[in-house]
Amino acid sequence: MSEPDRLIAALEHYPSEARALVVAFSGGRDSSVLLDALSRAELSVGLRAIHIGHGLEPDAAAWADHCRRFCETRHIDFACREVTVDTRDGGLEAAARAARYAALRASLGPGEVLVTAHHAEDQAETFLLQALRGTGVSGLAAMPRLMAFGAGQHWRPWLDVPRAAITAYAEVYGLDWVEDATNRDSQRARGYLRERLWPTLIDRWPAAAETLSRSAAWAGQAAEAVATLARIDCDAAADGEGRLRIDALAELSTARQSETLRLWLAECGRDRPDHRHLAQIRRLLTAREHAGPRVSFASTEVRRFDGRLFAMPRLPSPPAIAQRVDWPPGCTAIDLPAGCGRLTFRSKEPRRHPADLHVVFNRPGAELTRADGRAVPLAEWLRQQRVPPWIRERLPRIQAGDTLLALPRLWRHPHIERWFGHDVPDFLWYHDLPGAGSG
C-alpha cells in the first residue's frame, strides 16, 4: 500500500459512534490533505468543513474564498465562521487558538466528530513547548487522539504520521493550499521552534518527532492514572455539597492533595490554580478558622470554614459597618448592597410595618435577644450557628430603631409582635452566596 493510501485508510477507522465528520479547515497544507483524503475515503457518515476567520491577516478573505472553492470542487459542505480575538488575557497566539476552538465547539452538533490534521511533529512540538512552560504530566501528555469536545468529540487520526508523509500526499495529488506566514513567524513560540530549533534538533536526532511523540503518549498514560487516583481522592473528600473535608485531605500526600484540589476546582467551574496557588490552598488545611482564612486568585476564592474548603467566585467587599438601608413604608422588597442580594417582606398586610424599619450589616457589639429574654453577643451566636464568616459579613440585620428584630432564615425577636401585631411577616433573603445552608 502506498503512503497516500495508508493516510486514506487511517481515516476509515473513525469513531464508531460518529454521526458526521467535521474538518477544521484552515486552507493550509495539512488540513487540505486531510479534507482531500477524507473525500476519497470510504465513509458511511456525513462530511463537512468549517473555516474559522480570525480577521488578523490581510489575505483572510482570500483564504476563506480558497477554502470555499476547494470544498465546492469536492462537493463537501462548507461554512465560514468569523471570530473576534481578545488578547486582554494572553498573547495573540493563545487568544487566536482559544477563539478558534470556541467557535468550533459551538459549531459541533450532537454526535459530530471534529477532525484535525495534527501530525507527529505537531505532537512533538507541543510536548516541547509544554515542557518549556514547566507544565505537569497532564500538559506533557500533549494532544490525545480522541477526546470529548462540545456536543461531540475531537479526533486526531494522524498523530503518529510524519509531516513528510502529508507533504508527499499533497505532491502526489497536486493539491493547492494557502501559506500562513504566521506559522513560520519566529516571534511566536511555535514559529521559533519550527524555524530555529527544530532543524537543529532533527539534524542531531533524526527520530526526534517519533521519540518525543512516544514520550507524550507515556505522559498521557501517566496522566490518566493520576486523574483516576484524583477522582477517587476527590470523591472520598467531598461532603456531598460541593465542598472538601479537610480531615480527608490531610491524610493525603502533598502530590495527591494538589491533584485533588485541581480536579475539585475544575468541577466547581473555578479558575485553574498554578503551583503557587496550590501551595497557598494547602496551607489552609492547617490555618486557624477564626481568622477567616482564604486564598484568592483570578476570579476565584477558596475559603476554609467548619472543617471544609469552599470554592467560590470572588465576592465584592462587604458593606461598610456604618451602611444602612431604609425600608420605606408599603415597600415589599429592597435591594441590598452589591453581593448581598435582595430582601423581601411578606405578610397579609404588607403596608403595616413599624416606623424606622431598616437594615444594617455586621456592626460590632450588636446583641441578640434569646427566647428567655437574655441578650447575647450576636457575633458569638452566629458562630455557634455555624454561619460562614463571608455570610455573617453580608447578613442583613433587620432593625426598628436600635432594636434587632430579625435575621432572615435564622432568628426573630421573641416579642416581635410588639412591632407587627399578630401579622408577623416573613423576611426572605435572596442571594448567591455559597454556604448559606451552613446556617
Can you tell me how much longer the chain between A322 and A291 gets when fully stretched, taken as 0.36 nm per residue apart minus their C-alpha distance, in nm with one decimal? 8.9 nm
Selection from G240, W264, S213, by position along the positive dipole direction of region 199-264 (Cβ): S213
What are the ³J(HN,Hα) couplings of region 367-381, residue after residue, when phi is run through the Karplus curve with 6.51, -1.76, 1.60 and θ = phi - 60°? Round to Hz, x for glycine and proline. 10, 10, 8, 7, 4, 7, x, 7, 8, 10, x, 5, 4, 5, 4
Stretch E417-R105 to full length: gain in nm at 0.36 nm per residue minus the Cα-Cα span? 106.5 nm
When Cα Rg over 2.2 N^0.38 Å is calculated directly from the model, which label among [x] 1.35; [y] 1.30; [z] 1.11 fits? [x]
In debye, nearest 20, what is the charge dipole magnitude of region 301-362 about its Cα centre with +1 on Lys and Arg Cβ and -1 on Asp and Glu Cβ, if you could check? 200
In nanometres, what is the gap between the two model label sites at E179 and D372, each 7 Å from Cα along Cα-to-Cβ? 9.0
Just to confirm the number: angle between the C-alpha axis of helix 29-40 and the first principal axis of the chain, 0 to 90 degrees, nearest 10? 80
Calculate, for D432 and A131, the FRET efficiency according to 1/(1 + (r/R0)^6) with r their C-beta to C-beta distance and R0 51 Å; round to the nearest 0.05. 0.80
When DSSP beta bridges are limited to those with both residues in the chain, what percentage is antiparallel, rounded to the nearest 5? 70
Roll a 1.4 Å probe over the protein heavy atoms and report the accessible area of E224 in Å², nearest 10. 130
Checking the a/c ratio against 1.5 first, then a/b against b/c, what shape does the Cα gyration tensor give for region 52-113? oblate
Give me the percent relative contact order of the chain, please, defined on Cα pairs under 8 angstrom at least 6 residues apart. 10
Can you work out the FRET efficiency for the pair L201 and S44, with r the C-beta to C-beta distance and R0 = 45 Å, to the nearest 0.05? 0.65
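When only Cα pairs under 8 Å and 6 or more residues apart are kept, what is the percent relative contact order across region 1-155?
The normalised contact order for region 1-155 reaches 23 percent.
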Report, to the nearest 10°, how far helix 254-267 tilts away from the longest principal axis of the Cα atoms in the chain, using its own Cα long axis and a range of 0 to 90°. 90
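Is there a quick way to get the dipole size of region 1-68? I mean about its Cα centre, with the Cβ of Lys and Arg at +1 and of Asp and Glu at -1; what is the value in debye to the nearest 20?
180
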Mean-position separation - Cα centroids, region 365-395 and region 27-61, in angstrom: 64
Using heavy-atom solvent-accessible surface (probe 1.4 Å) with all chains present, what is the largest-first order of F78, F25? F78, F25
Inter-probe distance in nm under a simple model that places probes 7 Å from Cα toward Cβ, at Y192 and A225: 3.4
Looks like region 309-409, by Cα gyration tensor root eigenvalues a ≥ b ≥ c and the a/c under 1.5 rounded cutoff (else prolate when a/b is bigger than b/c, oblate otherwise), is oblate
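Using unit Cβ charges (K, R positive; D, E negative) and no other charged atoms, how large, in debye to the nearest 20, is the dipole of region 261-300 about its Cα centre?
Value, rounded to 20: 140 debye.
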Solvent-accessible area of T116, probe 1.4 Å, all protein chains present, reported in Å² to the nearest ten, please. 10
Which value in deg cm²/dmol, rounded to the nearest 500, describes the helix-derived mean residue ellipticity at 222 nm for the chain, given -39,500 (n - 2.57) per DSSP H run of n ≥ 4 and division by the residue count? -11000 deg cm²/dmol
Count neighbours as other Cβ atoms within 10 Å of each site's Cβ, and list the trypsin sites (Lys or Arg not before Pro) in region 349-439 that are DSSP loop with at most 15 such neighbours. R351, R352, R370, R374, R386, R409
For region 211-312, what relative contact order do you get, as a whole percent, if you take Cα pairs closer than 8 Å and at least 6 residues apart? 24
Heavy atoms of the protein only, probe of 1.4 Å, neighbouring chains included. What is the accessible area of D426 in Å², nearest 10? 70
Accessible surface ranking that places the most exposed of V172, V33 first, with a 1.4 angstrom probe: V172, V33
Mind listing the phi-derived Karplus ³J(HN,Hα) values for region 220-232, rounded to whole Hz, using 6.51, -1.76 and 1.60 with θ = phi - 60°, and x for any glycine or proline? x, 5, 5, 4, 5, 5, 5, 5, 5, 5, 4, 5, 5
What ³J(HN,Hα) values, in whole Hz, does the Karplus curve 6.51 cos²θ - 1.76 cosθ + 1.60 give for region 93-102 when θ = phi - 60°, with x put for Gly and Pro? 4, 5, 5, 5, 5, 4, 5, 5, 6, 5
For the chain, with the dipole built from +1 on Lys and Arg beta-carbon atoms and -1 on Asp and Glu ones, taken about the Cα centre, which of P354, S39, P313 lies farthest toward the positive end? P354
By accessible area of protein heavy atoms, probe 1.4 Å, what ranking do M147, M312 get, highest first? M147, M312
Set the Förster radius R0 to 51 Å, insert the Cβ-Cβ distance between L410 and E82 as r into 1/(1 + (r/R0)^6), and round the FRET efficiency to 0.05. 0.45
In degrees between 0 and 90, to the nearest 10, how far off the longest principal axis of the chain does helix 163-172 point, with axes built from Cα atoms? 50
Computed label-point distance, nm, for sites R363 and R283 using a 7 Å Cα→Cβ extension: 3.7
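The values are calculated or read from the model by the stated rules, or taken from the named source; none is laboratory data. In this text the structure is predicted, and so the values were computed from the model without any measurement. All Cβ positions, glycine included, derive from the backbone under ideal geometry; neighbour counts span all protein chains shown. Side chains included, ligands, DNA and RNA excluded: accessible areas come from the protein's heavy atoms. Shrake-Rupley method; radii C 1.70, N 1.55, O 1.52, S 1.80 Å.
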